[in-house]
Amino acid sequence: MSTPPYPDQERTSPLTGHSMTDTLEMSIVDLAQALAEEPSADSGRDETPAGGSAVDDDGLQDEPGGDTASLFAPTAFTQADALAVSEILDAEAAADETAPAAADTAEATTATATQPLPVLDPVPQYEAEPTTVTVPIVGGTTEAVVLDEPVPGTRDEAALTLTPRRAKVALTVLAVAAFAAGVNEGAIVALTSAIASGLSVSVEAVGLLATAFALTVVITAVPLTLATKRMSRKVALTTALGVWTAGVTVAATAGSIEMLAVGRVITAGAHALFWAMVAPMAASLFAPHLRARSVTGIMMGSAAAGVAGTPVVTTLGTQLGWQVPFYALAALGVGLTIAMAVALPASRGGSATATVRGDLPDRKAFARVLVVAFLVSVAMSTTWTYVVPFYTEVSGVSMAMVPVLFALGGSLAVAATFAIGNVLGRHAVRTVAVGGAIVGLGWVAFTIGTQWSAIAGQICLSVGWAVLVAALLNWAMRHAPWRTEIAGGVYTSTANAGSALGPVLGAAVAGTFSTAVLPWVSLALTAVAGVVIATVDRHTLAMLAVPRQVRMARRNLVEVQHRRREWRVQRREFARADREEAVLYRIEAQRRMREPVPREIALERSLHIR
């Protein structure tokens, strides 16, 4: 009989009718054990005639002196033997599971394979840290950027096919646009006296334009963002900058305070939409791991407005007229609108994760941060809106010196923002307290009313405000009870609401008393904010002392340990199933070996196995 080409070919015994496939799955060890065992009984077989060959039940005559009967006799492997093997396997499994492991000593389990599997708690999910950046512009609306980390590899085709040169050009255009928006925002503060003289209105009336600007930002930020959600960010940003340019043109050509207010409201709405779109667009231009650097480039463009833009606006407005800076901004806006339409990709940016929250979410703690942000914003805008009249009328600073003070303050604010980056993770509340204390010293210096105290106050306010806004945003995001982008919007709206209320309060105080009283009001509000900061309990301070990255790393370690424990449980379950299957195979093999098999088939079976 020829050997089939494949060992697992399906064949059927002509005598027993059993499939050969199952038989071939036996191990050589089992076959050798079965063939080596002696028969326990010779019942059912004919006795061997004297001097002759034996004839078995299958009708095959053995050769004289052959040992066929002992070779193919049924084995003595019984069900009791199978049960004994199962007991041995259970004992081995129990010994393996109770043995301590070097990596799992703390979590070693003494449960055997026969015990029920433990119920595992759901594995918690922890998110990546969001990107948060603030703009250190003293007295302006709060520009806080909060971006959730994107899912890796989710940038669309337009962003992925963007060349590095074009991405850098697009980032530069966005940074210059942020610079222009920052300059326009602070123009009212820098040109308060010039506008009041040019339009023949009071300084308090001009200060109310800052309230109109901030209030418009608060009201229009969310509706405009939702309305343009389905639009390409390129289209939304280009449209926003076009509207902004139109508003600046209206302000430049205004012949009355009412028309100037209309222009400011138009630019405020475009300003809100621009800042809602510019940071995500900048983040989508480059790979996800470079998003913080790209967003920082945008924010530095805005910060440059305080360093160079506001001093230049003050100088131009004083020397050539208050309309000249607005005309220059309108011309810059036209060029930026065209550049955006050409340079920006038609991209919607990367998609963010769905459930990014603070690492210590707490509604009460988050509300405390909002109260502090509102109080310090009101305190800052109450005096800073009228800082130019305060410098010239109360402190005796010359108008030529005011741009220098603005440039000094802007430079110090940017330097302070970079300097405190390493301490925000561990000392968020203490950094807020330090920033508030420095701002308070600035108000104290302003109350003295001299030139040197004005310079000292400018330095303290610039440095303290930069530290304060950066630390407040970090503190708020640590306690964010919702998605961080939503919490960031709530924080920004609250701070801008304070910026809108401050000029009204300042106008009332200056109209009732004098500009010299404004620093006292700001000092009192800052002191109230300090009392709120002091109410933070020690437990919260201790929790905040652990940086977000460290806390996430520890929680990820817990998740890994949880997964390992789950894997060990599954491993025990699978090992038990494999051992049970092996025992069943042995029992089936021994049962088949006890059946009478012709010599030719048994020989062929042995050849296949070998």
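The values are calculated or read from the model by the stated rules, or taken from the named source; none is laboratory data. Only a predicted model underlies this, so the values are computations on that prediction, with no experimental measurement involved. Here Cβ is always computed from backbone atoms with ideal geometry, including for glycine, and neighbour counts include all displayed protein chains. What goes into the accessible areas is simple: the full protein's heavy atoms, side chains included, and nothing from ligands, DNA or RNA. Shrake-Rupley method; radii C 1.70, N 1.55, O 1.52, S 1.80 Å.
Computed from the C-beta positions of V528 and E573, the FRET efficiency with R₀ = 51 Å rounds to 0.25.
Would you mind classifying the stretch 408-565 by shape? Square roots of the alpha carbon gyration tensor eigenvalues, ordered a ≥ b ≥ c; an a/c under 1.5 is rounded, otherwise it is prolate if a/b is larger than b/c and oblate if not. Prolate is the answer for the stretch 408-565, as a/c is 1.5 or above and a/b outweighs b/c.
With θ taken as phi - 60° and the Karplus curve 6.51 cos²θ - 1.76 cosθ + 1.60 applied, the whole-hertz 3J(HN,Hα) list for the stretch 211-219 is 5, 4, 5, 5, 5, 5, 4, 5, 6 Hz, x standing for glycine and proline. Each peptide in 339-345, 252-258 gets a packing score, the mean of other Cβ atoms within 10 Å over its residues, and the list from highest to lowest is 339-345, 252-258.
Note on K168: lysines with a C-alpha under 24 Å away, same-chain residues under 8 apart excluded, are K234. Highest mean packing first, where packing is the average number of other Cβ atoms within 10 Å per residue, the peptides 493-503, 519-529 line up as 493-503, 519-529. Taking amide H atoms as placed 1.01 Å from N in the peptide plane, the amide H of V397 lies under 5 Å from those of T392, each 5 or more residues away in sequence or on another chain.
In this simple spin-label model, placing a label point 7 Å from the Cα along the Cα-to-Cβ direction at both S493 and A542 gives a separation of 3.6 nm.
Taken one residue at a time, the phi angles of the stretch 530-535 give Karplus couplings (6.51, -1.76, 1.60, θ = phi - 60°) of x, 5, 5, 5, 5, 7 Hz. Gly and Pro are set to x.
For the stretch 232-341, a Kirkwood radius taken over Cα pairs fed into Stokes-Einstein (20 °C, viscosity 1.002 mPa s) yields D = 143 µm²/s.
Packing around the peptides 469-476, 163-170, taken as the average count of other Cβ atoms within 10 Å per residue, puts them in this order, highest first: 469-476, 163-170. Computed from the C-beta positions of V235 and V324, the FRET efficiency with R₀ = 45 Å rounds to 0.90.
Averaged per residue, what accessible surface does the stretch 180-225 expose to a 1.4 Å probe, in Å²?
31
Stretching S197 away from Q451 to a fully extended chain increases their span by 89.1 nm, per 0.36 nm per residue minus the current alpha-carbon distance. Along the stretch 588-594 the Karplus relation, 6.51 cos²θ - 1.76 cosθ + 1.60 evaluated at θ = phi - 60°, assigns HN-Hα couplings of 5, 5, 5, 5, 5, 6, 6 Hz to successive residues, with x for each Gly and Pro. Put simply, the Cα atoms of the stretch 351-500 extend 54, 30, 28 Å along their principal axes, the longest span coming first. For the stretch 381-460, the convex hull drawn through the C-alpha positions has a volume of 84 cubic angstrom per residue.
Annotation: H539 carries an accessible surface of approximately 130 Å², with a 1.4 Å probe and no ligand, DNA or RNA atoms counted.
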